[in-house]
Every structure is written in C-alpha cells, then in structure tokens.
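First up is the structure itself, then whatever we jot down about it.
The numbers here are math on the coordinates, done by the rules we state, and not lab data. Remember, it's a predicted structure, so these values are computed and weren't measured experimentally. So basically every Cβ, Gly included, is an ideal-geometry build from the backbone, and we count neighbours across all protein chains shown.
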Amino acid sequence: MRACIPYLRYQVAIIKPRIIVCLGSVSAKKIIGDNIRITSSRGQWVEKNGMLIMPTFHPAAVLRDENKKKPFWEDFLEIKSKLSEIKSAEA
C-alpha cells in the first residue's frame, strides 16, 4: 500500500473523478482519513478536494455478513442517483 498510494493519488489528480467509492475501511482510511469508521460512516458523502467520496462495505464483508447486503445495495443506489444528478447538471 505504501508503494501504491502515491501512484493512486497521481492518477486521481490526472483523472479528476467526480465520485470515488471506497470499498471497505482500508481504502476509506487512506482516502478520507484515519479516523473513519466504516460501519458508522458508510453511506454518507464526504467532500474532499472537489470530489464526492462514498465509503461503503467491502464486497467480502457483504458476503460474510448477510445483514450488510441491504445497506451496501442502498449505498450503490445513492451513488447511482448522485451520478445521474451530476450528469444532469453538466448537460
């Protein structure tokens, strides 16, 4: 991770995505901040450097725990809705 994070940050700076989805606490902590807790923060938008970031559960966690399936799905519905909203605003 230490070797890859500078490369990832460089790619993000070039691409300038409007939305980033952090799958799991490891990515959320590296992208949003060390103090994030995935269970309490998932599904909430975080704005950072002009990008919207959505932390959610890692797919492996969803496979291990059936109770995470519905919130995970709801997060992706929200992501889809926000993406549509952004596209409409740009048109």
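Summary table
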{"item": "Student exercise, the chain dipole from Lys, Arg, Asp, Glu Cβ charges, in Debye to nearest 20", "result": "260 debye"}
{"item": "Antiparallel content of DSSP bridges confined to the range 17-90, in %, to 5", "result": "40 percent"}
{"item": "Value of relative contact order over the chain, rounded to a whole percent, pairs C-alpha under 8 Å and six or more apart", "result": "24 percent"}
{"item": "Gain upon complete extension [Phe76, Gln44; 0.36 nm per residue less C-alpha separation]", "result": "10.4 nm"}
{"item": "Positive minus negative residues near Lys30 (Lys, Arg vs Asp, Glu; Cβ under 11 Å)", "result": "+2"}
{"item": "Rh (Kirkwood; distinct C-alpha pairs) - the range 17-90, Å", "result": "12.6 Å"}
{"item": "Cα-based equivalent ellipsoid of the range 1-40: semi-axis lengths in Å, sorted from largest, via gyration tensor", "result": "19, 13, 7"}
